[in-house]
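The values are calculated or read from the model by the stated rules, or taken from the named source; none is laboratory data. Since this is a predicted model, take the numbers as computed values, not measurements. Ideal geometry is used to build each Cβ from the backbone, glycine not excepted, and the neighbour counts take in all protein chains shown. Protein only, heavy atoms only, side chains kept; ligands, DNA and RNA dropped before computing areas. Shrake-Rupley method; radii C 1.70, N 1.55, O 1.52, S 1.80 Å.
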Amino acid sequence: MKLLQSGTFALALLSGVSAHASSVYIKDINIEGTQRVEDETVLSYVDIKKNSSVTNVQLDEALKQLYSTGLFNDVSLNVSQKGVLNIKLEENPIINQVLFDGNDKVDDEMLTSEIRLSPRSTYSRSKVQEDIQRILEVYKRSGRYAAVVEPQIIKRDQNRVDLIFNIDEGPLAVIDKVNFIGNHHYDHDDLQEVIMSKESRWYRIFSSSENYDSEKTNYDKELLRRFYLKRGYADFRVVSAVAELSPDSKSFVVSYVLDEGKRYKVNKLDIVSDISDIDTADFMDNMELEVGDWYNNDKIEKTVTVLTDELGKKGFAFVDVNPELIKDTETGNIDITFHINEGQRIFVDRINISGNTRTHDEVIRREFRIEEGDAFNVSKIKDSRRNVENLDYFSKVDITTTPKDANKADLNVNVEEKSTGYFNVGVGYSTVNGALVRAGVTENNFRGLGQHLSLDAGVSQRSQDYSLSFTEPYFLDRRLRAGFDIFRTEEDYQDESSYDSSYTGGRLRMGWNYTDDLSQQVRYTLREDEITNVGHEASKYIKDEEGSFVDSSIGQTIVYDKRDSMISPKEGYFLSFGNDVAGLGGDEKYLKFDAKAYTYYTLADYYTFKLFANAGYITGYGGENVRLPNRYNLGGNTLRGFDVAGIGARDKYTKDALGGNWMLYTGGEVNFPIGLDEVGIKGRTFVDMGMLGKPDNMNRADVEYSSSPRVSAGFGFQWLSPMGQIDIDFGFPIVKEDYDETQVFRLNFGTRL
């Protein structure tokens, strides 16, 4: 009776034996086809003995056992009329070597570590198919979903084979489109700025942000959650994040379904303690939020951290501070109560860091608010994780806890590094500078030490500028930002003032934060200014300035920034004040003061109001006057509706602009949707007002001058195009002097990449 051959089950009638017989008697066993495998090994798998009866079920099980070993390519069992069990085998070959062909983006070492087959292992078709799937998974993780793997076998002697995986890696699967569904308060462009996954654009050829990554999509959900929770939407959630692969496996459409929920304002703040020795009234001043503020989860977490720190200073090291939220969905009010409970007495034993192949451990450790030996504190661990994530060096940051004994635990920090360098290149056009080309390279984690290094160059029809900058974020192992800049700039002022200007120099700077919102920077600048190519018909005041002189100055700027976003602010305010003193050597002697104030607020979700004021004053001392390069000018990009250096003192005879020793530039702007959000176009209206003071020591008989306000109004558009940001403004002077130079149309294209 023949039971199975080459994997096919068959029944046959043999002489004197019924096909339906329940068993057959085996007198002998004959094994054929083995080369490397011993007969005893085969018999151990079939578990059938001579001079015994076996059933069809036992024979079928023996066949399956032989196949399951992976040693054989083909197996057949046959019982002859004389009761001999013939076992015919075809052994799988032994792999001589495993090779990869066509893999340029993933190296052999990576692929070898992923597959199971290796030299001297047994070849089988099923194992090859399993390894093909593993290789495809490697390529999917690297963003290549269109990869194709074909196995090739080259036979060698002694039943050996070479196994070659022929790989067509295919292109990176990019994100063709990002959809947001359910977003009523923030538009597509706002949310696209928040997440890491960016839509494919030609100018992102040097960036990985447009490449699809499932882990990146998961992190986007967290970024969206933080964005909304920071802006009052305490019920916000991401319902789903779905990525649909195109039929050609070359691109994705990523869709985020959002439930924004109600926006809440703080109605009540309170602190309740379960520890009798704590007087909660002592800690009410540590609240980051105030009644009437929009709910802000970041400030809730900061309050938890501040309360925990203050309690620790007073001797309460083992406490948990938990915020309780009571929301009224009808009124949009939220009550917040911080509960202080006694925590478990656990200490941090070790902080173990892994996954950072390039970034030094110290760069990560210095962002931790908790150290080895400190009391275990969940709030500080959360803050530490957020600090490491905010470095923007890692695509993933995981912190887990491993208990050591009754009162100790290890913190295990696992990170996944991402690219921190990028190259920008762009072309554009501006009514101020004409055609322009700009290129730059930046590395935000230089040498894996968290240092910032950038090299930038720009050339336009009226200017050239080159700069090299370096910043050490932890100077002298303290939270001090120290760095330097080297620069060279050349500008053509022939149209405005009949001269060319250049300055070359360097700057040393140091900055620090008093709080998350309040920072200060001090600087020392040494540069050489040069006035050249002064026209024969130029103003005598400009001819007197021709030549070069050295400017050596020391200065500082203090900034208070409460904006909700530095890139696209919608709410909050920004204040800065700076001053410089020149005269520490060099030819210049002046005192300079600058101040800026911006405030933003949004109505009806999309209408953002911006009010701004810029003021500056400079004066010479020690008998020195302020030279041309240090004076203020208004017009062009500042004071729309007027040409570059369009207002202020002007030579009566040559019409050359002479700048001013003080200035005030203020106004208001409203940004609003115009139904073209899908392509990134928004509208705006504005009113600008500017005033410019007269330079020192100028004869009024030779100069046209008025410090009276100039006012303009107009409208414009901003387009976040695939080629870069394009700004178009139409400004119409309302109040001006007869000698002012006006400019109704203003265009900036490609100047911000």
Check the stretch 281-297 and report whether any residue there is touching a residue at least 24 places away in the same chain (Cβ under 8 Å), of a type outside the set (A, V, I, L, M, F, W, C), in a strand (DSSP E or B) and open to solvent by less than 60 Å² (accessible area, probe 1.4 Å). no
Within the stretch 44-78, take every residue that is within 16 Å of residue 23 (Cβ to Cβ) and open to solvent by 80 Å² or more (accessible area, probe 1.4 Å) and give me the one that is farthest from the chain's Cα centre (by Cα). 51
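Taking the stretch 314-348 as the region of interest, how many residues are among the small types (Gly, Ala, Ser) and either under 18 Å from residue 297 (Cα atoms) or assigned to a strand (DSSP E or B) (or both)? Give the derivation first.
At the first step, the residues of the stretch 314-348 found to be among the small types (Gly, Ala, Ser) are 315, 317, 332, 343.
So of that shortlist, the ones also either under 18 Å from residue 297 (Cα atoms) or assigned to a strand (DSSP E or B) (or both) come out as 332.
Summing the residues that are among the small types (Gly, Ala, Ser) and either under 18 Å from residue 297 (Cα atoms) or assigned to a strand (DSSP E or B) (or both) in the stretch 314-348 gives 1.
Conditions tested, residue by residue: (1) touching a Cys at 6+ places or on another chain (Cβ under 9 Å); (2) within 30 Å of residue 144 (Cβ to Cβ); (3) part of a helix (DSSP H, G or I); (4) not aromatic (Phe, Trp, Tyr).
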{"position": "31", "(1), (2), (3), (4)": "no, no, no, yes"}
{"position": "34", "(1), (2), (3), (4)": "no, no, no, yes"}
{"position": "41", "(1), (2), (3), (4)": "no, no, yes, yes"}
{"position": "50", "(1), (2), (3), (4)": "no, no, no, yes"}
{"position": "57", "(1), (2), (3), (4)": "no, no, yes, yes"}
{"position": "61", "(1), (2), (3), (4)": "no, no, yes, yes"}
{"position": "78", "(1), (2), (3), (4)": "no, no, no, yes"}
{"position": "98", "(1), (2), (3), (4)": "no, yes, no, yes"}
{"position": "103", "(1), (2), (3), (4)": "no, yes, no, yes"}
Which listed residue, of 128, 148, is buried (at least 17 other Cβ atoms within 10 Å of the Cβ), modelled with pLDDT of 90 or more and among the β-branched types (Val, Ile, Thr): 128
Counting only residues that are in a loop (DSSP other than H, G, I, E, B) and either open to solvent by less than 30 Å² (accessible area, probe 1.4 Å) or out of contact with any strand residue (DSSP E or B) (no Cβ under 7 Å at 6 or more places or on another chain) (or both), the stretch 515-545 contains a total of 10
Residues that are in contact with an Asp or Glu (Cβ under 8 Å, 6 or more places away or on another chain) and part of a strand (DSSP E or B): does the stretch 305-313 have at least one? no
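Restricted to the stretch 389-445, and to residues that are of a type in the set (Val, Ile, Thr) and not in a strand (DSSP E or B), which residue is farthest from residue 369 (Cα to Cα)?
Going through the stretch 389-445, the residues of a type in the set (Val, Ile, Thr) turn out to be 397, 399-402, 413, 415, 420, 425, 427, 431-432, 437, 441-442.
Now drop any that are not not in a strand (DSSP E or B), which leaves 420, 431-432.
Numbers: 420: 24, 431: 50, 432: 48 Å.
My answer is 431.
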Options 449, 468; residue that is among the aliphatic types (A, V, I, L, M), open to solvent by 20 Å² or more (accessible area, probe 1.4 Å), in contact (Cβ under 8 Å) with a residue 60 or more places away in the chain and within 29 Å of residue 524 (Cβ to Cβ): 449
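Which is surrounded by 16 or more Cβ atoms within 10 Å (Cβ to Cβ) and under 26 Å from residue 412 (Cβ atoms), of 336, 353?
Numbers: 336 fails: under 26 Å from residue 412 (Cβ atoms).
Being surrounded by 16 or more Cβ atoms within 10 Å (Cβ to Cβ) and under 26 Å from residue 412 (Cβ atoms) holds for just one of 336, 353, which is 353.
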Residue in the stretch 491-499 that is open to solvent by 20 Å² or more (accessible area, probe 1.4 Å), in a strand (DSSP E or B), out of contact with any helix residue (DSSP H, G or I) (no Cβ under 6 Å at 6 or more places or on another chain) and more than 30 Å from residue 649 (Cα to Cα) present: no
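I'd like the residue in the stretch 391-416 that is within 24 Å of the chain's Cα centre (by Cα) and open to solvent by less than 20 Å² (accessible area, probe 1.4 Å) and, out of all such residues, is farthest from residue 743 (Cα to Cα). Give the steps one after another, and end with the answer.
Here is the first cut: in the stretch 391-416, the ones within 24 Å of the chain's Cα centre (by Cα) are 391-400, 412-416.
Subset that is open to solvent by less than 20 Å² (accessible area, probe 1.4 Å): 393-394, 397, 413, 415.
Values: 393: 44, 394: 47, 397: 51, 413: 57, 415: 53 Å.
Restricting to residues being within 24 Å of the chain's Cα centre (by Cα) and open to solvent by less than 20 Å² (accessible area, probe 1.4 Å), the top hit is 413.
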Cβ-Cβ under 9 Å pairs, at least 6 apart or on other chains, the stretch 39-50 side without any contact (Cβ under 8 Å) to a residue 60 or more places away in the chain and closer than 10 Å to residue 66 by Cβ, far side assigned to a loop (DSSP other than H, G, I, E, B) and among the hydroxyl-bearing types (Ser, Thr, Tyr): 42/34; 45/69
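Table: residues versus (1) free of Cβ contacts under 8 Å to residues at least 24 places away in the same chain; (2) within 27 Å of residue 332 (Cβ to Cβ).
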position	(1), (2)
159	no, no
172	no, no
180	no, yes
187	no, yes
198	yes, no
221	no, yes
245	no, no
Name every residue in the stretch 685-744 that is assigned to a loop (DSSP other than H, G, I, E, B), among the charged types (D, E, K, R) and without any contact (Cβ under 8 Å) to a residue 60 or more places away in the chain, in order of residue number. 694, 700, 738
Given the condition within 30 Å of residue 456 (Cα to Cα), within 33 Å of the chain's Cα centre (by Cα), at pLDDT 90 or above and not hydrophobic (A, V, I, L, M, F, W, C), answer yes or no: does some residue in the stretch 660-679 qualify? no
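I want to confirm something. Restricting to the stretch 613-631 and keeping residues that are surrounded by 22 or more Cβ atoms within 10 Å (Cβ to Cβ) and touching a Phe, Trp or Tyr at 6+ places or on another chain (Cβ under 7 Å), which single residue is modelled with the highest pLDDT? Lay out the reasoning, then the answer.
Going through the stretch 613-631, the residues surrounded by 22 or more Cβ atoms within 10 Å (Cβ to Cβ) turn out to be 618, 626, 631.
Next, only the ones that are touching a Phe, Trp or Tyr at 6+ places or on another chain (Cβ under 7 Å) stay: 618, 626.
Values: 618: 97, 626: 93.
The extreme case among them is 618.
State whether the residues of the stretch 546-553 include one that is among the aromatic types (Phe, Trp, Tyr) and either under 40 Å from the mean Cα position of the chain (by Cα) or on the phi > 0 side of the Ramachandran plot (or both). Quick ask: steps written out before the conclusion?
Taking the stretch 546-553 as the starting set, the residues that turn out to be among the aromatic types (Phe, Trp, Tyr) are 549.
Going one step further and asking which of them are either under 40 Å from the mean Cα position of the chain (by Cα) or on the phi > 0 side of the Ramachandran plot (or both), we end up with none.
No, the stretch 546-553 contains no residue that is among the aromatic types (Phe, Trp, Tyr) and either under 40 Å from the mean Cα position of the chain (by Cα) or on the phi > 0 side of the Ramachandran plot (or both).
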Which residue, of 572, 585, 648, is of a type outside the set (Lys, Arg), modelled with pLDDT under 95, over 42 Å from the mean Cα position of the chain (by Cα) and open to solvent by 10 Å² or more (accessible area, probe 1.4 Å)? 585
Residue check, residue 419 hydroxyl-bearing (Ser, Thr, Tyr) and over 21 Å from the mean Cα position of the chain (by Cα): no
Options 239, 254; residue that is part of a strand (DSSP E or B) and surrounded by fewer than 16 Cβ atoms within 10 Å (Cβ to Cβ): 239
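Every residue in the stretch 368-390 that is acidic (Asp, Glu) and either within 18 Å of the chain's Cα centre (by Cα) or surrounded by fewer than 15 Cβ atoms within 10 Å (Cβ to Cβ) (or both), please. Outline the logic, then answer.
Just the residues of the stretch 368-390 that are acidic (Asp, Glu), to begin with: 371-372, 374, 383, 389.
Correct list: 371, 372, 389.
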